[in-house]
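Here the structure is laid out as structure tokens; the discussion comes afterwards.
The values are calculated or read from the model by the stated rules, or taken from the named source; none is laboratory data. None of the values given here were measured: they were computed from a predicted structure. Ideal geometry is used to build each Cβ from the backbone, glycine not excepted, and the neighbour counts take in all protein chains shown.
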């Protein structure tokens, strides 16, 4: 499968590598078509990995991952181009965080979310918010945690969510995926990242997640 | 021990009852000193339970629980009176939620929290934010869940937090309490309630909680 990964950070690299390992053709997109991190990544991953600008990667992929910083996501998608996003599933892993202070804050939240902003701006794109609640290592290898934990999906398009649930399960090994509802529930998972941040300071590792336990 | 419980809703009633069962003297406080729910609760719980206005309950208690609606907490504490709060531990279980829409929103968040507002307004009160991440039934009986889950504490006063951790463990049965840090981390647990809300809709019970799982 041809997949476009927007973003060259830890999330883009880790997901990109996993997607190549799974046998896909992956293009990593950046603002700069000659982004050094994207070039190095593509060289390392071999013939099934390539790089380009956001528009190249979005055009290349039949399936897209948004792995840009949340604060840069709207701009990256504008560069990707509406035509290149049209009708495609966009798996949005990003978080709208302002890291400038030690206490992270959200750049959008409460009555809106980045997931909703993306869906609103690209109504023909099938946005599914997921994986933003865990570190990149956990995203592609949840089985490394000592117990089965939960990941969430939010999105308006039921078929797109079903496809993403399959990807999460069959490609990445997520055995429990909770469908929270439509894209407005992105508010909940994006806000959760503030708790993730506080936990991360106490737990001293980024390799953790939560498990929902009922009576 | 003499305990003041501010608020007459599910949380106040459930905590109040548990605290009486544990052998404490509990006064439930309300805006109206003759609040029908407080009167009925005190009658049902017997001689160790009483009721009064916010000021009566705050004056009565050596330990205080804020179980008012988050949107009403600042007003309730103003009525309780600074002198009655001075030097005391205030366990803040409230959430600053606007329930007017089916999508709950926070009335304060991101760069501030209700926990911080309370601490800022009553600098001599030892505010510990906790239990706000679970339903009242789970607060006092976490062992009913099928696995051990986590509860969080946030507060500036280390001794107060240690006392609250003891209360959570010895009185309510919480075996795992995670200290998130100072009262600013109330932002994280208050924001988490948006995820709690989304989960609650999917899980079809209020009797659930999260467990932090690491590698």
ask   = Of the residues that sit in region B:98-139 and are surrounded by fewer than 20 Cβ atoms within 10 Å (Cβ to Cβ) and within 14 Å of the chain's Cα centre (by Cα), which one is farthest from residue A:211 (Cα to Cα)?
value = B:137
note = Exactly one of B:46, B:70 is at pLDDT 95 or above, more than 15 Å from the chain's Cα centre (by Cα) and farther than 25 Å from residue B:169 by Cβ, and that one is B:46
request  = Determine which single condition residue A:86 fails, assuming it passes every other condition in (1) under 16 Å from residue A:125 (Cα atoms); (2) in contact with a strand residue (DSSP E or B) (Cβ under 9 Å, 6 or more places away or on another chain).
outcome  = (2)
query = Looking at region A:149-157, is at least one residue more than 23 Å from residue A:112 (Cβ to Cβ) and touching a residue at least 12 places away in the same chain (Cβ under 8 Å)?
reply = yes
message = Among the numbered criteria (1) within 14 Å of another protein chain (Cβ to nearest Cβ); (2) surrounded by 21 or more Cβ atoms within 10 Å (Cβ to Cβ); (3) in contact with a helix residue (DSSP H, G or I) (Cβ under 8 Å, 6 or more places away or on another chain), which one does residue B:142 miss?
response = (3)
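Please go through region B:80-97 and give me each residue that is within 23 Å of residue B:151 (Cα to Cα) and away from chain A (no Cβ under 14 Å), ordered by number.
B:88, B:89, B:90, B:91, B:92, B:93, B:94
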task = Go through (1) surrounded by fewer than 20 Cβ atoms within 10 Å (Cβ to Cβ); (2) closer than 30 Å to residue A:110 by Cα and name the single condition residue A:34 misses.
result = (2)
inquiry  = Can you pull out every residue in region B:42-80 that is farther than 17 Å from residue B:129 by Cβ and not in a helix (DSSP H, G or I)?
reply    = B:46, B:47, B:48, B:49, B:50, B:51, B:52, B:53, B:61, B:62
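Does at least one position in region A:200-209 carry a residue that is within 10 Å of chain B (Cβ to nearest Cβ), under 21 Å from residue B:113 (Cα atoms) and surrounded by fewer than 17 Cβ atoms within 10 Å (Cβ to Cβ)? Write out each step before concluding.
Step one: filter region A:200-209 for residues within 10 Å of chain B (Cβ to nearest Cβ), giving A:201-209.
In the following step, the residues that additionally are under 21 Å from residue B:113 (Cα atoms) were identified as A:201-202.
Retained after the next criterion (residues that are surrounded by fewer than 17 Cβ atoms within 10 Å (Cβ to Cβ)): A:201-202.
Yes; the residues of region A:200-209 include at least one that is within 10 Å of chain B (Cβ to nearest Cβ), under 21 Å from residue B:113 (Cα atoms) and surrounded by fewer than 17 Cβ atoms within 10 Å (Cβ to Cβ).
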inquiry  = Every residue in region B:163-186 that is free of Cβ contacts under 8 Å to residues at least 24 places away in the same chain, under 24 Å from residue B:214 (Cβ atoms) and either at the interface with another protein chain (Cβ under 10 Å from one of its Cβ atoms) or surrounded by fewer than 17 Cβ atoms within 10 Å (Cβ to Cβ) (or both), please.
reply    = B:169
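Filter region A:98-108 down to the residues that are within 11 Å of chain B (Cβ to nearest Cβ) and assigned to a loop (DSSP other than H, G, I, E, B), then identify the one that is farthest from residue A:175 (Cα to Cα).
Let us first name the residues in region A:98-108 that are within 11 Å of chain B (Cβ to nearest Cβ), namely A:98, A:101-108.
Retained after the next criterion (residues that are assigned to a loop (DSSP other than H, G, I, E, B)): A:101-104, A:107-108.
On the way: A:101: 35, A:102: 33, A:103: 32, A:104: 30, A:107: 31, A:108: 30 Å.
The qualifying residue farthest from residue A:175 (Cα to Cα) is A:101.
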